[in-house]
């Protein structure tokens, strides 16, 4: 197995995280590395965005994983940094945190322990969230006289509805891993010592599909999130038609009839 520690060439000193690529597993990991709480600084948000963009462009990587070092994913942002940051900088926070959502490749958030504030928000921007039994999600900004500023309340409302979102945001209420799974926030719930195994299993599964079909599915679902059913069906039809002409679709059909595993090329 080839496991390479890398940094984006434009980021010689990444702030509070590191990037690893396992080319054999076609996996790129962004690891929050400021234990024990993995607090995310203001500068780190810009760098995390660049790291997602670099992995999205890396041909060795099929799936991106966001995880934390130690027992906690992230307790949130560096509080004092908000007072030091300019209004212009703060206005771009949501754009940086949306980097996993914009990535064309599947992104998995491996959540454990405290997953608060921006840690929760960036996890909500990922495609899949695997939560452990110890995981606790929260948007605690009300305790600071603030509201979530990086898309947290909007993304959460799209998943669990307005009533539950008000309950979580307006009360700064913590959500257990089990409740997050029951509400549809987490796509999988595992024991604490099974998080890496579950993550690796999902990475391997996603890598069996056509990269082209995966990118198309993610973009279609994102683009039609706020569309009417009729518009969503129209967009789906156009995407389906384009994939109909792809090499991957031809390979998938051929492999099905030949009763073998397909070998997708991403074209």
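Any read-out appearing in this document is the output of simple, stated calculations on the displayed coordinates, not a laboratory observation. This is a predicted model, so every value here is computed, not measured. No Cβ is skipped: glycine too gets one built from the backbone with ideal geometry, and neighbour counts run over all protein chains shown.
Data for the structure
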quantity: Distance in nm between pseudo-label sites at residue 197 and residue 20 (7 Å out along the Cβ direction from Cα); calculated: 1.8
quantity: Nitroxide proxy distance, nm - points 7 Å out along Cα→Cβ at residue 104 and residue 220; calculated: 1.7
quantity: Residues 115, 132, 165, sorted so that the one with the fewest Cβ neighbours within 10 Å comes first; calculated: 165, 132, 115
quantity: Sites residue 241 and residue 154 - FRET efficiency at Förster radius 41 Å, r taken between beta-carbons, to 0.05; calculated: 0.85
quantity: Highest-fluctuation residue, 226, 38, 111 considered, GNM on the chain with Cα pairs under 10 Å; calculated: 226
quantity: DSSP beta bridge pairing in the chain, given as percent antiparallel to the nearest 5; calculated: 35
quantity: Residue among 41, 241, 123 with the largest mean-square fluctuation in a Gaussian network model of the chain, springs linking Cα atoms under 10 Å; calculated: 241
quantity: Within a Gaussian network of the chain (alpha carbon springs, distance under 10 Å), most fluctuating of 217, 158, 227; calculated: 227
quantity: Taking 126, 207 and counting other C-beta atoms within 10 Å, the order from fewest to most; calculated: 207, 126
quantity: Crossing angle, helix 195-206 versus the chain [Cα axis fit, 0-90 degrees, rounded to tens]; calculated: 30
quantity: C-alpha center-to-center spacing [region 136-180, region 234-267] in angstrom; calculated: 39
quantity: Extension reserve of the residue 250-residue 147 stretch, reckoned as 0.36 nm per residue once the Cα distance is removed; calculated: 32.2 nm
quantity: Within region 130-152, backbone nitrogen closer than 11 Å to the virtual label 7 Å beyond the Cα of residue 178 toward Cβ; calculated: 133-134
quantity: Between helix 247-257 and the chain: long-axis angle, C-alpha atoms, 0 to 90°, nearest 10; calculated: 60
quantity: Cβ-Cβ FRET estimate between residue 209 and residue 57, R0 fixed at 22 Å, reported to 0.05; calculated: 0.65
quantity: Length-normalised contact order of the chain in % [C-alpha pairs under 8 Å, at least 6 apart]; calculated: 14
quantity: Rounded tilt (10° steps) of 229-244 against the dominant C-alpha axis of the chain; calculated: 50
quantity: Mean ellipticity per residue at 222 nm, deg cm²/dmol - from DSSP H runs of n ≥ 4 across the chain, formula -39500 (n - 2.57); calculated: -12500 deg cm²/dmol
